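Engineer: Handing you this structure, nothing more for now.
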Amino acid sequence: MTATVGDTPHKPVLRVSGVTMRFGGLTAVDGVDFTVGEQEIVGLIGPNGAGKTTFFNCLTGMYVPTAGQVIYRGTPLSGRPDLVTKAGVARTFQNIRLFPNMTVVENVKVGRHCRTTVGALSALVRGPKYRREERETEAQARELLDFVGLADAADDLARNLPYGDQRRLEIARALASDPGLLLLDEPTAGMNPLETAQTKDLVFKIRDRGLAVVVIEHDMRFIFTLCDRVAVLVQGRKLIEGSPAQVQHDERVIAAYIGTPAGSEQQA
Amino acid sequence: MSGSGVTTARRRLIERARGRVPATTARAAALLGAVLSLASTFLAWSYGSAFPGNLTIYGYPGGAQVYVLVLALVAIVLLLLEVSPLRRVLAPGGAGGAVRVLASGVFLVTAFTVLAIGVELGGLINVEWGGWAALLAAAVFVVAGRLLPDDRPAVWSYRLPDWVEFLIIALVLGLALAAFVEALAIPEWEIFLCFLVALGGALTAAWRLGLVSWISEVGTRHRGVTVTAAFLVAAAFPFTQGSDNHWLNVMVNVGIFATTAIGLNIVVGLAGLLDLGYVAFLGVGAYVGALLSGAAASTIGWNPPFAVTVVIGAVITAIVGVLIGTPTLRVRGDYLAIVTLGFGEIFRITVNNLDGSTGPQVTNGPNGIPGIPDLKFLGIDFGQSHTVFGMNLGYFANYFFLELVLMAFVILVFSRMNNSRLGRAWLAIREDEVAAQAAGINTFRLKLLAFALGATLAGMAGTIQAHAISSITPDSYQFLNSAFLVAAVVLGGMGTVTGALLGSVVLLLLPEKFRFFQDNKLLIFGVTLVLVMRFRPEGVIANKRRKAEFHEEEISEELGREARAEGAR
């Protein structure tokens with residue numbers, strides 16, 4: 001593997017060029033180029049405040065980047081989250097954002113919203129089209145719950161789920177919009193080692209469904225065993241991008257995380 | 001702090017007393033109190049016959065005495081039931097709580113009546129010894145009731161054959177209609193108040209027995225039957241009034257208000273958008289109805305059939321809803337409330353100024369449009385009384401039936417929208433707007449849809465209202481009316497049809513009954529709202545989810561307790 005900056009082994013799903021996000025005088029993301037290939041799992045790491053989540057928000061339309069372009073499968077993404085999701089880029093949040101007073105299966109059904117079309121009139125009349133669509137939505141939602149392993153909890157309120165299950169539900173809701181690219185913001189934060197391992201398996205399974213995945217994570221063991229490629233963001237700039245092995249041994253990464261060593265001793 | 005301290009001290013006192021008095025003694029004492037209370041209704045309570053109900057006659061319960069009699073009788077039946085073999089079937093959790101509530105009802109009614117006699121007839125000297133005896137009996141009853149053993153919350157889980165359950169639904173709804181008509185027929189506010197207290201006591205007692213939750217369970221089990229039966233019972237209301245128009249007129253107004261409130265509940269309860277200018281949409285509809293009614297004061301000569309007017313009214317209010325919603329829905333929460341309030345006032349001021357001198361002549365300005373003719377629709381002249389099923393009904397019955405049809409339509413829209421992809425999206429927006437948008441929901445469009453849909457329904461109600469009240473002015477659509485609509489929704493329960501209905505009936509009918517309080521109406525509403533927000537923020541008839549939203553802490557506490565209990569096991 002001799003992957004270098006911007007080099008992608010597969011046909012690109014997402015191509016980000018020169019994305020910059022400024023808040024007044026603060027430049028949170030500074031000219032980042034980033035590419036994700038088909039069925040690729042890419043990790044995004046960096047110390048706290050490096051701009052990882054801001055970068056995610058730029059990709060998903062929560063922020064409109066000050067400069068730069070985000071292109072998903074050849075079409076530029078506009079700055080509105082629902083349109084980005086409709087285009088095929090779904091995300092989860094760092095602090096779980098479920099609909100706590102809806103049931104688990106309803107949460108997933110909401111994710112189907114942008115793939116269904118029934119309007120007010122049809123909902124009022126309840127014609128055959130309405131009934132077919134509701135049936136399909138129900139079936140797909142149940143299938144996804146089965147996929148993430150929450151089938152048994154389908155009719156519980158989302159708020160009553162254990163923490164790890166809430167994370168998985170959020171992934172199921174994101175998958176419900178039939179995305180081609182899934183962005184996971186710290187999917188294992190607060191999880192125990194067992195749950196983390198399950199999440200890793202889940203991400204592999206999602207990749208096998210044909211999706212590309214970008215993961216922000218602080219758990220290095222998780223990232224380095226999961227990802228095909230890892231990009232490191234430091235102070236809004238992309239420091240390095242490459243295979244897990246390359247990134248793991250890069251001095252600049254270690255320096256960014258731990259600080260420059262007083263002596264010259266180096267560790268892996 | 002001190003308040004709750006006193007309550008706990010009181011509770012401890014009661015518990016200690018309960019520990020000393022055996023259950024049988026307490027039961028016998030309660031029975032004695034109930035029987036004495038019952039007997040006291042046959043005495044004369046007052047020397048003066050001027051007090052409502054004329055309580056000077058021996059051997060004949062009158063006025064509020066009847067309610068004491070009924071409550072005491074029910075309590076006696078329950079007390080006897082507790083020691084009978086039927087207890088396990090009908091009062092599985094024990095009847096102590098129910099009897100306690102009934103005793104409080106008896107005491108409140110008796111004490112209020114005795115006091116009212118004193119106040120209204122010029123001094124407590126007017127209370128005859130029978131009144132004091134009744135008060136003493138009620139006091140014995142209350143104290144003995146407190147000593148009754150605590151009951152467990154009762155759960156009825158009986159499943160009867162379908163036809164029996166249908167009969168029960170019909171019976172309950174019929175009783176509700178009978179109680180409603182009975183209440184309307186009470187002319188004196190004192191007796192009406194006693195009626196409300198007695199009704200509240202009886203309902204609370206039924207709830208303590210587990211009867212209320214069982215009946216509502218039966219109702220949900222046969223939803224279609226219940227809804228149909230409820231409409232049939234509502235349609236039977238004019239037949240209880242005959243050719244008398246007074247209460248029919250009031251109920252037409254209540255119906256229009258309630259229909260509008262249910263429409264508002266789509267906006268507030270389902271989509272979670274606080275609209276404080278909603279009455280403007282009712283106004284738009286009413287002005288469309290008035291202008292196209294062929295009234296002499298109308299500036300438009302065209303008088304299309306009413307069906308066309310309703311459609312035009314709906315379309316125009318929908319357009320106005322979109323026009324107002326597009327700029328306002330860009331702000332959230334409190335800001336939205338303020339902006340909609342502003343737009344509501346803009347409507348009123350605009351209509352005031354479209355009078356020919358400060359603007360084009362469209363609405364006659366502050367004079368409004370008087371003399372709107374009665375409807376002629378489907379070949380029926382709404383201004384005439386008609387004979388239906390051999391009964392001559394007052395002409396407001398026509399409007400009542402039409403209003404009922406519109407209300408059925410609005411309820412249909414409400415429930416079908418709620419249980420669809422759109423209702424789910426509204427709920428998601430209410431829960432977490434950012435997450436909803438990230439999940440692919442075009443939040444702005446969905447909110448605009450709710451806003452415009454609510455506006456359309458109000459507009460339709462408005463076209464009927466113009467004909468029913470026959471004269472409209474801009475001042476009928478001022479901010480205060482919007483506030484009343486919101487109050488009805490919030491009091492009754494956000495997100496439920498029955499809640500909005502109940503809120504409307506309470507808000508419009510009670511002032512009719514308590515003309516006495518007319519001047520302090522707003523004060524009393526304010527106090528009621530504060531009390532409801534303090535003790536039941538989700539409204540009287542709550543949506544399950546709303547309830548969860550308002551009681552997050554208690555629910556998680558409960559879950560924690562359950563989990564701990566499970567862990568201990």
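Engineer: Please go through (1) more than 9 Å from chain A (Cβ to nearest Cβ); (2) open to solvent by less than 10 Å² (accessible area, probe 1.4 Å); (3) within 20 Å of B:Val486 (Cβ to Cβ); (4) not charged (D, E, K, R) for B:Val413 and return the number of the only condition it doesn't satisfy.
Structural biologist: For B:Val413, the failing item is (1).
Engineer: Just the residues that are assigned to a helix (DSSP H, G or I) and within 14 Å of another protein chain (Cβ to nearest Cβ), please, taken from segment B:498-547. Outline the logic, then answer.
Structural biologist: First, the residues of segment B:498-547 that are assigned to a helix (DSSP H, G or I): B:498-513, B:515-535, B:544-547.
Of everything in segment B:498-547, those that are assigned to a helix (DSSP H, G or I) and within 14 Å of another protein chain (Cβ to nearest Cβ) turn out to be B:Lys544, B:Arg545, B:Arg546, B:Lys547.
Engineer: Give the residues of segment B:432-451 that are surrounded by 24 or more Cβ atoms within 10 Å (Cβ to Cβ) and more than 9 Å from chain A (Cβ to nearest Cβ), sorted by residue number.
Structural biologist: B:Lys447, B:Ala450, B:Phe451, listed by residue number.
Engineer: Condition (residue is among the hydrophobic types (A, V, I, L, M, F, W, C), closer than 23 Å to B:Trp247 by Cα and crowded, with 21+ Cβ neighbours inside 10 Å) applied to segment B:366-374: is it met by at least one residue?
Structural biologist: Yes, segment B:366-374 contains at least one residue that is among the hydrophobic types (A, V, I, L, M, F, W, C), closer than 23 Å to B:Trp247 by Cα and crowded, with 21+ Cβ neighbours inside 10 Å.
Engineer: I've got another one for you. Among the residues of segment B:330-340 satisfying the criterion of being at pLDDT 85 or above and either open to solvent by less than 60 Å² (accessible area, probe 1.4 Å) or not assigned by TED's automatic domain parsing to the domain that holds B:Gly285 (or both), which is nearest to B:Leu453 (Cα to Cα)?
Structural biologist: Checked segment B:330-340; the qualifying residue nearest to B:Leu453 (Cα to Cα) is B:Thr340.
Engineer: Here's something else I'd like to know. Kindly indicate whether A:Asp146 is modelled with pLDDT of 90 or more and not basic (Lys, Arg). Outline the logic, then answer.
Structural biologist: Details: modelled with pLDDT of 90 or more: yes; not basic (Lys, Arg): yes.
Spelling it out, A:Asp146 is indeed modelled with pLDDT of 90 or more and not basic (Lys, Arg).
Engineer: Of everything in segment A:48-71, what is open to solvent by less than 30 Å² (accessible area, probe 1.4 Å), away from chain B (no Cβ under 14 Å) and not in a helix (DSSP H, G or I)? Give them in sequence order.
Structural biologist: Matches in segment A:48-71: A:Ala50, A:Gly51, A:Val70.
Engineer: How about segment B:163-179: which of its residues are open to solvent by less than 60 Å² (accessible area, probe 1.4 Å) and without any contact (Cβ under 8 Å) to a residue 12 or more places away in the chain?
Structural biologist: B:Val164, B:Ala178
Engineer: Scanning segment A:93-117 for residues that are at the interface with another protein chain (Cβ under 7 Å from one of its Cβ atoms) and assigned to a helix (DSSP H, G or I), which turns out nearest to the chain's Cα centre (by Cα)?
Structural biologist: Ranking the candidates gives A:Gly111 first.
Engineer: Looking only at segment B:416-430, which residues are at the interface with chain A (Cβ under 7 Å from one of its Cβ atoms) and either at positive phi or under 27 Å from the mean Cα position of the chain (by Cα) (or both)?
Structural biologist: Once the filter is applied, which keeps residues that are at the interface with chain A (Cβ under 7 Å from one of its Cβ atoms) and either at positive phi or under 27 Å from the mean Cα position of the chain (by Cα) (or both), segment B:416-430 yields B:Arg416, B:Met417, B:Ser420, B:Arg424, B:Leu427.
Engineer: Those residues that are open to solvent by 10 Å² or more (accessible area, probe 1.4 Å) and of a type outside the set (Val, Ile, Thr), I need them from segment A:181-201; list them, please.
Structural biologist: Selection gives A:Glu186, A:Ala189, A:Gly190, A:Met191, A:Asn192, A:Pro193, A:Leu194, A:Glu195, A:Ala197, A:Gln198, A:Lys200, A:Asp201.
Engineer: Same structure, new question: So which residues in segment A:127-151 are within 14 Å of chain B (Cβ to nearest Cβ) and surrounded by 14 or more Cβ atoms within 10 Å (Cβ to Cβ), if there are any at all?
Structural biologist: A:Tyr130, A:Glu133, A:Glu134, A:Thr137, A:Glu138, A:Gln140, A:Ala141, A:Leu144
Engineer: Please work out if A:Phe99 is under 23 Å from A:Val230 (Cα atoms) and open to solvent by less than 40 Å² (accessible area, probe 1.4 Å).
Structural biologist: no
Engineer: Out of the residues in segment A:152-165 that are surrounded by 12 or more Cβ atoms within 10 Å (Cβ to Cβ) and of a type in the set (Asp, Glu), state the one that is farthest from the other protein chains (Cβ to nearest Cβ).
Structural biologist: A:Asp165
Engineer: A further question follows. Here is a list: A:Glu143, A:Glu138, A:Glu170. Which entry is within 16 Å of the chain's Cα centre (by Cα) and not assigned by TED's automatic domain parsing to the domain that holds A:Arg73? Before you say what the answer is, go through the steps one by one.
Structural biologist: Numbers: A:Glu143 fails: within 16 Å of the chain's Cα centre (by Cα); A:Glu138 fails: within 16 Å of the chain's Cα centre (by Cα).
That would be A:Glu170, the only listed residue that is within 16 Å of the chain's Cα centre (by Cα) and not assigned by TED's automatic domain parsing to the domain that holds A:Arg73.
Engineer: On to the next question. Being modelled with pLDDT under 85, open to solvent by 50 Å² or more (accessible area, probe 1.4 Å) and either assigned by TED's automatic domain parsing to the domain that holds B:Gly462 or not small (Gly, Ala, Ser) (or both) narrows it down to one residue among B:Thr299, B:Thr228; which is it? Write out each step before concluding.
Structural biologist: Details: B:Thr228 fails: modelled with pLDDT under 85.
Answer to the check: B:Thr299.
Engineer: Could you please find all residues in segment B:31-42 being open to solvent by 40 Å² or more (accessible area, probe 1.4 Å) and part of a loop (DSSP other than H, G, I, E, B)?
Structural biologist: B:Phe42
Engineer: Can you name the condition, by its number, that A:Pro128 falls short on among (1) over 22 Å from B:Ala450 (Cα atoms); (2) within 22 Å of the chain's Cα centre (by Cα)?
Structural biologist: (2)
Engineer: Being of a type in the set (Lys, Arg), without any contact (Cβ under 8 Å) to a residue 60 or more places away in the chain and on the phi < 0 side of the Ramachandran plot is the filter here; which residues of segment A:120-159 pass it? Break it down into steps so the answer makes sense when it comes.
Structural biologist: Filtering segment A:120-159 down to residues of a type in the set (Lys, Arg) leaves A:126, A:129, A:131-132, A:135, A:142, A:159.
The next check asks that each one be without any contact (Cβ under 8 Å) to a residue 60 or more places away in the chain; those that pass are A:126, A:129, A:131-132, A:135, A:142.
Passing the criteria: A:Lys129, A:Arg131, A:Arg132, A:Arg135, A:Arg142.
The values are calculated or read from the model by the stated rules, or taken from the named source; none is laboratory data. Here the structure is a predicted model, which means the values were calculated and not measured. Cβ sites come from the backbone with ideal geometry, for glycine too, and all protein chains shown count toward neighbours. Side chains are part of the model used for accessible areas, which takes the heavy atoms of the whole protein and leaves out ligands, DNA and RNA. Shrake-Rupley method; radii C 1.70, N 1.55, O 1.52, S 1.80 Å.
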